[in-house]
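Input: a single structure, listed below in structure tokens.
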Amino acid sequence: MNKKIIPSLLITCLLTSCISIAVDPASLTPIQPDFVTAALIPTIAGFVPATLTPSPVPTIPPTLALTEPVKCKDSAVLLRDVTIPDDTQMKAGEKFTKTWEFQNNGTCPWINYTLKFASGDQMNAPLSAPIPDTAPKEKAQVSVELTAPAADGKYAGYFTLNNSGDKIVTIGLEKTFYVKIVIGIVIAQATSAGFSTTPFVPAGGNSNCAYSQNSGYVNELFSRINEA
């Protein structure tokens, strides 16, 4: 009789969960929701949000352009030789840059003005070269690229300043300016032998116009003309 009761009690206990397990709620990991709800910050009474004011965009003043006044006057002054002073000794075939400094002494701004070769020894100078735009009373440096000749001797090239209408700008009382160089050893010729001390008085006897002739200079001039 007892042998039949014990197995029945074991089966009944397993089916009805006789063992109970106590769980601490604090040890459970909370399940995160699949979405987050944003909560607006409550508005404080009397609070006025600041309004963003766009910063002003700085304005760049336009570049002042030189304009030519009506009936202005052209005039220039040669201030100095910036490079290659007169009679600078150069090597045959040497390339160099001659620069002059001028002042715009007139009332016309120099706009589209040019330097032009006029006469003398060109020395590979361009026929025309631009001049920087220059306001009245301002200074400007004018340059030209040159090449010294291959033969020994003294050389001089003459140039002009020309306005936008291709008219020559006077430089004081002159119309031209120049560059002078020396190549090799040039022996100065004595002129005393051919110099006439007898004054030449033109017809009419006006002694104020009397002058002396330098026959040596005249002969040298003819000789150079013939060589050319």
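I'd like the carbon and sulfur percentage of the solvent accessible area for region 132-193, probe radius 1.4 Å, heavy atoms only, ligands and nucleic acids excluded. Provide the component values of the computation, followed by the final result.
Working: 1930 of 3620 Å².
Within region 132-193, the accessible surface is 53 percent carbon and sulfur.
Given a cut-off of under 8 Å on Cα pairs at least six residues apart, what relative contact order in percent is computed for region 70-146? Present the calculation step by step, with values, prior to reporting the outcome.
Values: 148 pairs, mean separation 26.4, N = 77.
Over region 70-146, the number comes to 34 percent.
Based on the Cβ-Cβ distance of Arg224 and Asn124, what FRET efficiency does E = 1/(1 + (r/R0)^6) give at R0 = 22 Å, to the nearest 0.05? Write out the running numbers ahead of the final one.
Numbers: r = 21 Å, r/R0 = 0.93.
Given R0 = 22 Å and the Cβ-Cβ separation, E is 0.60.
Give the span of region 83-171's Cα atoms along each principal axis, as three whole-Å numbers ordered largest to smallest.
43, 21, 17
Over all directions, how big on average is the projection of the convex hull of the alpha-carbon atoms in region 68-109, in square nanometres?
Details: hull surface 16.2 nm².
Its Cα hull, projected and averaged over all orientations, spans 4.0 nm².
I need the calculated FRET efficiency for the pair Lys175 and Ala92, taking r as the beta carbon distance and R₀ as 35 Å, to the nearest 0.05.
On the way: r = 31 Å, r/R0 = 0.87.
Approximately 0.70, to the nearest 0.05.
The values are calculated or read from the model by the stated rules, or taken from the named source; none is laboratory data. Predicted, not measured: the structure shown is a model, and the values here were computed from it. For neighbour counting, all protein chains shown are included, and Cβ atoms are generated from backbone atoms with ideal geometry for every residue, glycine included. These area figures cover heavy atoms from the full protein model, side chains too; ligands, DNA and RNA do not enter into them. Shrake-Rupley method; radii C 1.70, N 1.55, O 1.52, S 1.80 Å.
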